[in-house]
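The values are calculated or read from the model by the stated rules, or taken from the named source; none is laboratory data. This is a predicted model, so every value here is computed, not measured. Please note: Cβ atoms are built from the backbone with ideal geometry, for glycine as well, and neighbour counts cover all protein chains shown. The area values use the complete protein model at the heavy-atom level, side chains included, leaving out ligands, DNA and RNA. Shrake-Rupley method; radii C 1.70, N 1.55, O 1.52, S 1.80 Å.
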Amino acid sequence: MAASCMLRSSFLSPCPQLHHQSTTSKPNNGLHFFTPIKATASTNDAISPQKHRRPADENIREEARRHCSSHNFAARYVPFNAAPSSDEWYSLDEIVYRSRSGGLLDVQHDMDALKKFDGQYWRSLFDSRVGKTTWPYGSGVWSKKEWVLPEIDSDDIVSAFEGNSNLFWAERFGKQFLGMTDLWVKHCGISHTGSFKDLGMTVLVSQVNRLRKMHKPVVGVGCASTGDTSAALSAYCASAGIPSIVFLPANKISMAQLVQPIANGAFVLSIDTDFDGCMQLIREVTAELPIYLANSLNSLRLEGQKTAAIEILQQFDWEVPEWVIVPGGNLGNIYAFYKGFQMCKELGLVDRIPRLVCAQAANANPLYLHYKSGWKDFKPVKANTTFASAIQIGDPVSIDRAVFALQNCNGIVEEATEEELMDAMAQADSTGMFICPHTGVALTALFKLRNSGVIAPTDRTVVVSTAHGLKFTQSKIDYHSKEIKDMECRFANPPVEVKADFGSVMDVLKSYLLSKNSKQ
């Protein structure tokens, strides 16, 4: 417990000073990359919260600077799942997306430095920051700054205090449709732009903001998107005054999603292809122009997304659920959740991690097919149209990350047909949720795993809702109007047309109330 007491006050301070790494890509030649943390603390450091309000002419960034402290935490890029003998690494200040072999990169933290402090220390630190306005810790992402981007100056952070999203007990839905007593929904769509993508984009755009201040060759940030990535990118770039460029597949996203990057001033290209085609183009463009790539190929995004897993543990008072079900498209998110849970276990905050389930739409299910084949040779698919448009991806960038995560947590992959996901969404909405179609995919996976007995009625289960239902009103309108071709729409609830006279209204109401009473 000695480490738990040391430096407590300095870690509660909001602006760690930086120890910059070299930006030259090279092997470490056997040298130690990380510097051991200095376990020192001033007796003048105040452990209790500041009691006096900051001066009226001082903003929260300036206030944060007054409470700066130093630390020796660090992070770097390494090849994903590299052999222990690998000596390839890159500074986070380099603009690099792939390893020398062309593989994915991962952000590796100095775990030895983090382990200088025990699990109780980290739990107490993270809990102490929840709900505060102290810059930048009012954000659910940046409240875990030491585990995300430890070396970034708080002045460079671009944040809308994202995260800290609602984890609610789906009491009626669980009881009525699944016979479950401990079902929860982590509503990541209750965020700045209505999507979980904010969690990763605050990290990526903050790093770009830092790179531009360092005069790195970055004129803007670009992404391919099926909707939510472009919304998050454009919002955070607009906040920082950084140009954003968005490649969207023409006529394949909802108007509510399209209007967000437009309103935030992004340069939007509507391209006659699907998401995979847009992804190929943005990768080619960013290889030629000084535009920073913002898709989940960029592992910085996953550092923010992993904080949702840590939040779930916080919200359960650091008790671990049995199951977490996540919709999967480009597949970065399932790895991000695994990474967040695994870091908590490795650093002693919890003693185990939950089993993860990745849920895919049957019309875009390459991971599901790979899982059903026993993880044999992966084959991309041609993604067909799905109401879960954000996961309409046939060649996911993060396939290797997803397989690694699922294999290391005894995970499962399930799929949902269009009718199944729309029915599940309607059932959830009927209990007061108003979810997105992607959450309908995750709920369908839950239905199947409950019906097969894999998930028990008393298992604490979390379904991750990735976007707000208000972005998908047209699909809900079509469902409840029974206007979807070849779909029964079993739970449709269309308005009843009635004449404008008292007798007609009474007749309709009596019929409705009698039908409700007969079901009770």
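Per-residue counts of other Cβ atoms within 10 Å, averaged by peptide: what ranking do you get for 341-350, 181-190, highest first?
Highest-to-lowest ranking by the protection proxy: 181-190, 341-350.
Run the simple label-point estimate for residue 269 and residue 458 please: 7 Å along Cα→C-beta, distance reported in nm.
5.7
For the Cα atoms of the chain, what angle does the longest principal axis make with the long axis of helix 228-240, in degrees from 0 to 90, nearest 10?
So the inclination is approximately 40 degrees.
For residue 81 and residue 166, what is the calculated FRET efficiency with R₀ set at 35 Å and r taken between the beta-carbons, to the nearest 0.05?
E between residue 81 and residue 166, to the nearest 0.05, is 0.55.
Pairing the Cα long axis of helix 332-346 with the longest principal axis of the chain, what angle in degrees results, from 0 to 90 and rounded to the nearest 10?
Between the helix axis and the principal axis of the chain, the angle is about 50 degrees.
Calculate how many DSSP beta bridges within the chain are antiparallel, expressed in % of all such bridges and rounded to the nearest 5.
Roughly 25 percent of the beta bridges in the chain run antiparallel, per DSSP.
Counting alpha carbon pairs within less than 8 Å and at least 6 residues apart, what relative contact order, in whole percent, applies to segment 417-518?
Worked out over segment 417-518, it gives 25 percent.
What part of the accessible area of segment 440-520, given as a whole %, is carbon or sulfur when the probe is 1.4 angstrom?
Roughly 54 percent of what the probe reaches on segment 440-520 is carbon or sulfur.
Stretch residue 72-residue 132 to full length: gain in nm at 0.36 nm per residue minus the Cα-Cα span?
19.1 nm
Mind listing the phi-derived Karplus ³J(HN,Hα) values for segment 251-267, rounded to whole Hz, using 6.51, -1.76 and 1.60 with θ = phi - 60°, and x for any glycine or proline?
Going residue by residue, I get 6, 10, 10, 6, 4, 4, 7, 5, 5, 4, x, 4, 5, 8, x, 6, 8 Hz, with x marking Gly and Pro.
Take each of the peptides 200-206, 474-480, average the number of other beta-carbon atoms within 10 Å over its residues, and list them starting from the highest.
So the peptides 200-206, 474-480, ranked by packing, come out 200-206, 474-480.
Against the longest principal axis of the chain, how steep is helix 418-430, in degrees 0 to 90 to the nearest 10, with axes from Cα atoms?
Tilt of helix 418-430: around 90 degrees.
Which peptide among 492-499, 424-431, 113-120 comes first, and what is the full order, when sorted by highest mean count of other Cβ atoms within 10 Å?
Highest to lowest by the protection proxy: 424-431, 113-120, 492-499.
For segment 154-166, in order, what is each residue's ³J(HN,Hα) by Karplus, 6.51 cos²θ - 1.76 cosθ + 1.60 with θ = phi - 60°, in whole Hz (x at glycine and Pro)?
4, 5, 8, 6, 10, 9, 10, 6, 5, x, 6, 7, 5
Which of the three applies to segment 109-251, rounded, prolate or oblate, going by the alpha-carbon gyration tensor with a ≥ b ≥ c and a/c under 1.5 meaning rounded?
The shape class here is oblate.
Just the accessible area per residue of the chain, please: how many Å² with a 1.4 Å probe?
43
Tabulate in residue order the Karplus-calculated ³J(HN,Hα) for segment 395-403, using 6.51 cos²θ - 1.76 cosθ + 1.60 with θ = phi - 60°, rounded to whole Hz; enter x for Gly and Pro.
Working through the residues one at a time gives 10, x, 5, 9, 4, 5, 5, 5, 4 Hz.
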